[in-house]
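Notes to accompany the following structure.
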Amino acid sequence: MADREPEIVARLAPGVGSLPAAEWDAMAGTGDPFLSHAFLSALEESGSVGGRSGWSPVPILVEEAGRTVAAAPAYFKSHSQGEYVFDHGWADAWQRAGGDYYPKLQIAVPFTPVPGRRLLGERPHALLAAAEAVVEQNGLSSAHATFIAPEEVAEYEARGWLIRHGIQYHWLNRGYASFEEFLGALSSRKRKAVRKERAAAREGLEFLALRGDEIGPEHWDAMWGFYQDTGARKWGRPYLTRAFFDLAAERIGERILLFLALRDGRPIAGALNWAGADTLYGRYWGCTEEVPFLHFELCYYQAIEWACAHGLAAVQAGAQGEHKLARGYEPVLTYSAHYLPNASFREAVARFLEGERAAVAAEIAEMRAELPYRRGEGDAG
């Protein structure tokens, strides 16, 4: 008698924090700090997700022979905030047609527009089948996987998910060992402009680059104040709680890099970054004093300088911001995937996405022509 195939079971867990850290991290790997058990569970424990946040954690698990072989960070969402891939128009259309767009299923890292893997472990097709079953069995409008890794796109396409393109701006290290080497790749006019901006931003200020245990309580207090100010202006209220920063510092502090600008010993601006295996991720910025070009200095130039000094391949400085182009950050495609079980709704969205992808491609081509590099530099990609 032939051996029976081991049974494959999919289920939703009540949060990443409910799972063994070693089990989750074995599937997530160590290269992307935002996929780590420490980061995702800190979001849950701090109240940044869960409760009344509109993000209810329901990680999808696939188990085989009693062993978890695949997982995806997933959430039931009651709104579309904190995603950075905008589907408000889709929600309005579905509501006008008499449907309830929310709750929806979101496969993502909350509040984090960083491309990365979303299908962790060995069985990506089983994860997507499970996500589809969650949508259909619960009568949801849709499932969305945002900022997926480019190598995952084919997995979603194979199951009929619609692919959406977006644009971000990443600095790519083309063998630069120092900031000066990077400047040497720019056109003369742009090189002078960058030097002028840095000189203006740095005049009369002191700068610190702190990592891990070097970041003291007073530094966290300052950064929290900066983050609150920026969050209030951008979103009405900050997405993350103060407790999240404390938990992150405690559990994954070695991956955190804080740039501070001080005037007379007092912090007036800060930029919080996370270090991955080969990429520096700029995430939060804020200030209490407006200084010309200080945002560019803390968020872009110091990040490039640090990446060069530590041999990193890239800097990702967050979503949006065409102003990054003039400072050496290049336009790159980002990807999201969308499962819409209603055939007519899916067809309408598919038509929209076809036109949007063409517009994104044309926009990237235009922007690449405006990059500040000397001819022959920055042409790859």
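At-a-glance table
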item: Residue that is in the same structural domain as LEU140 (by TED's automatic domain parsing), without any contact (Cβ under 8 Å) to a residue 40 or more places away in the chain and surrounded by 15 or more Cβ atoms within 10 Å (Cβ to Cβ), where the choices are TYR84, TYR101, TYR75; result: TYR75
item: All positions within region 76-85 that are of a type outside the set (Ser, Thr, Tyr) and farther than 15 Å from LEU162 by Cβ; result: PHE76, LYS77, HIS79, GLN81, GLY82, GLU83
item: Looking only at region 120-142, and only at residues there that are closer than 14 Å to LEU340 by Cβ and among the charged types (D, E, K, R), the one that is surrounded by the fewest Cβ atoms within 10 Å (Cβ to Cβ); result: GLU136
item: Those residues of region 235-268 which are under 26 Å from VAL291 (Cα atoms) and in contact with a Pro (Cβ under 6 Å, 6 or more places away or on another chain), in sequence order; result: LEU260
item: Residue check for LEU298: modelled with pLDDT of 95 or more, outside any strand (DSSP E or B) and touching a Ser or Thr at 6+ places or on another chain (Cβ under 7 Å); result: no
item: Unique match (being under 18 Å from TYR239 (Cα atoms) and in the same structural domain as LEU128 (by TED's automatic domain parsing)) among GLY29, GLY66, GLY50, GLY89; result: GLY50
item: Condition broken by GLY212, with the remaining ones in (1) surrounded by fewer than 14 Cβ atoms within 10 Å (Cβ to Cβ); (2) on the phi > 0 side of the Ramachandran plot satisfied; result: (1)
item: Residue within region 304-320 that is part of a strand (DSSP E or B), modelled with pLDDT of 95 or more and in contact with a His (Cβ under 6 Å, 6 or more places away or on another chain) present; result: yes
item: Number of the exception - LEU205 against (1) farther than 19 Å from CYS299 by Cβ; (2) over 27 Å from the mean Cα position of the chain (by Cα); result: (1)
item: Criterion: closer than 30 Å to GLY253 by Cα and free of Cβ contacts under 8 Å to residues at least 40 places away in the same chain - qualifying residue of GLY270, GLY282, GLY321; result: GLY282
item: Region 337-375 - residue that is aliphatic (A, V, I, L, M) and within 19 Å of LEU128 (Cβ to Cβ) and, of those, surrounded by the fewest Cβ atoms within 10 Å (Cβ to Cβ); result: ALA343
item: Residues within region 262-290 that are in a loop (DSSP other than H, G, I, E, B), under 15 Å from THR230 (Cα atoms) and not charged (D, E, K, R), tallied; result: 1
item: Breaking point among (1) under 30 Å from TYR335 (Cβ atoms); (2) of a type outside the set (Phe, Trp, Tyr); (3) surrounded by 12 or more Cβ atoms within 10 Å (Cβ to Cβ), for LYS192; result: (1)
item: Scan of region 158-196 for residues that are among the polar types (S, T, N, Q) and over 24 Å from VAL114 (Cα atoms), ordered by number; result: SER178, SER187, SER188
item: Residue list for region 226-244, filter: at pLDDT below 95 and out of contact with any Gly (no Cβ under 7 Å at 6 or more places or on another chain); result: GLN228, GLY231, ALA232, ARG233, LYS234, TRP235, GLY236, LEU240, ARG242
item: Pairs where the first residue, in region 346-361, is under 17 Å from HIS144 (Cα atoms) and of a type in the set (Gly, Ala, Ser) and the second is assigned to a helix (DSSP H, G or I) and at pLDDT 95 or above, C-beta under 8 Å, 6+ apart; result: ALA348/ALA93
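Conditions tested, residue by residue: (1) of a type in the set (A, V, I, L, M); (2) assigned by TED's automatic domain parsing to the domain that holds ARG96; (3) touching a helix residue (DSSP H, G or I) at 6+ places or on another chain (Cβ under 7 Å).
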site	(1), (2), (3)
LEU325	yes, no, yes
ALA337	yes, yes, yes
PRO341	no, yes, yes
ARG346	no, yes, no
VAL349	yes, yes, yes
GLU354	no, yes, no
ALA361	yes, yes, no
ILE364	yes, yes, no
ARG375	no, no, no
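Yes or no, residue by residue, for (1) over 24 Å from the mean Cα position of the chain (by Cα); (2) part of a helix (DSSP H, G or I); (3) closer than 24 Å to GLY276 by Cβ:
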residue: ASP25; (1), (2), (3): no, yes, yes
residue: LEU61; (1), (2), (3): no, no, no
residue: ALA70; (1), (2), (3): no, no, yes
residue: PHE76; (1), (2), (3): no, no, no
residue: GLY82; (1), (2), (3): no, no, yes
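The values are calculated or read from the model by the stated rules, or taken from the named source; none is laboratory data. Remember, predicted model here, so these are calculated numbers, not experimental data. With ideal geometry, Cβ positions are generated from the backbone for all residues, glycine too; neighbour counts draw on all protein chains shown.
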